[in-house]
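Here is the structure we will look at, set down as structure tokens.
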Amino acid sequence: MRCGTRYGALLGPLLAGGAPPDLVERAARGLGLPGRGRFAVVVLGAPVPEAAVAEGPDGDGARWWWWRGAGGGDVAVVLLGAAGPAGAVARLGEHGAGPGGMSPVVGSPAQLDSARRLAVTALLTCAPGSREVVQLDERLPAALLVSLPELSARLLAEVFGPLLALVPAERAVLVGTLEMWLECDGSVGRAALRLRCHRNTVFNRLRRLERLTGRALSRPRELVDLVLALDVLRLSSAAP
């Protein structure tokens, strides 16, 4: 497993930030990292499964350097292959790694410290108990929310306050209906089919949610409020 002290000593200066350029260059050279390339950082919320730790390049040419992180999770620097970030995420999923966050692509070892910070933010957008590995660029609105917890709590209270006052089972029905309606691109008919209820039931639930929140799903700015509050709810302990 490529998480030994040698890798830790070399990856530490690259991932922690603040190292002088000559130390970054020596550490990258010691690890065999090219001076330019397509790199990403993955931060896992749990130890990486041994099956996911590659000793050689992946099928698409990607190479991995693992480091045992703090708090029981692991960190990897990935020199991406032909399949890019999606290929790296898929590989981790195949081996049961997660939850995890992946940074945007950076072009040099000197940028790995900022990439690690963004990967941590991506990890924070994973729902409690999930095993997903997500790319930051696919979770930017949620990443903004987790980066500003005080504003997120205010948003949740302002938008969903009356909804949160309902009994959990009743709240779960309304929240679940809204989530399904969004997954179905605003189609009440498709949402009703997937929820196995009449379309009028879906209409009635959505109208009640609008009355409780004081926001209309037909108004784009108010819909944004509802979607963002739903993300906060999903990521918080208040989630039904």
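Annotation: D60 carries an accessible surface of approximately 50 Å², with a 1.4 Å probe and no ligand, DNA or RNA atoms counted. Using a probe of 1.4 Å, the accessible surface attributed to E179 totals some 70 Å² when neighbouring protein chains are kept in position. Across A110, A83, A229, mean-square fluctuation computed from a Gaussian network of the chain (C-alpha pairs under 10 Å connected) peaks at A83. Considering only A40, A165, A115, the Gaussian network model of the chain with Cα springs below 10 Å gives its largest mean-square fluctuation to A165. Computed over every Cα-Cα pair of the chain and binned at 5 Å starting from 0, the pair-distance distribution P(r) comes out as 1, 6, 13, 15, 15, 12, 10, 9, 8, 6, 4, 2, 0, 0 percent. The stretch between E94 and R29, if pulled fully straight at 0.36 nm per residue, gains 20.4 nm over its current Cα-Cα span. Taking P104, P85, P47 in turn, the Gaussian network model of the chain (Cα-Cα springs below 10 Å) assigns the largest fluctuation to P47.
With both labels modelled 7 Å from their Cα along Cα-to-Cβ, the L182 to S108 distance reads 3.9 nm.
Solvent-accessible area of R208, all protein chains in place: 80 Å² (probe radius 1.4 Å, heavy atoms, ligands and nucleic acids excluded). Simple rule: put +1 on each Lys or Arg Cβ and -1 on each Asp or Glu Cβ in the range 37-141, find the dipole, and look at A52, L124, V77; the Cα lying farthest toward the positive end is L124. Largest to smallest in accessible area, the residues R207, R221 fall in the order R221, R207 (1.4 Å probe, all protein chains included). Residues of the range 92-134 with amide nitrogen under 18 Å from the 7 Å Cα-to-Cβ point of R194? So the set is 127. Counted residue by residue at 0.36 nm each, then reduced by the alpha carbon distance between them, the extension gain from D22 to E132 reaches 36.0 nm. Taking amide hydrogens as modeled 1.01 Å from N in the peptide plane, which residues meet the under 5 Å criterion relative to V133, leaving out close sequence neighbours? Long-range HN contacts for V133: G100. Here the extension length gained between E150 and A82 equals 20.5 nm, from 0.36 nm per residue of separation less the Cα-Cα distance. The mean sequence separation of alpha-carbon pairs under 8 Å and at least six residues apart, normalised by the residue count of the chain, gives a relative contact order of 16 percent.
The values are calculated or read from the model by the stated rules, or taken from the named source; none is laboratory data. Source: prediction; values computed, not measured. Cβ coordinates were reconstructed from backbone atoms using ideal geometry, including for glycine residues, and neighbour counts include every protein chain displayed. Ligands, DNA and RNA are stripped out before the accessible areas are found, and what is left, the full protein with its side chains, is counted by its heavy atoms. Shrake-Rupley method; radii C 1.70, N 1.55, O 1.52, S 1.80 Å.
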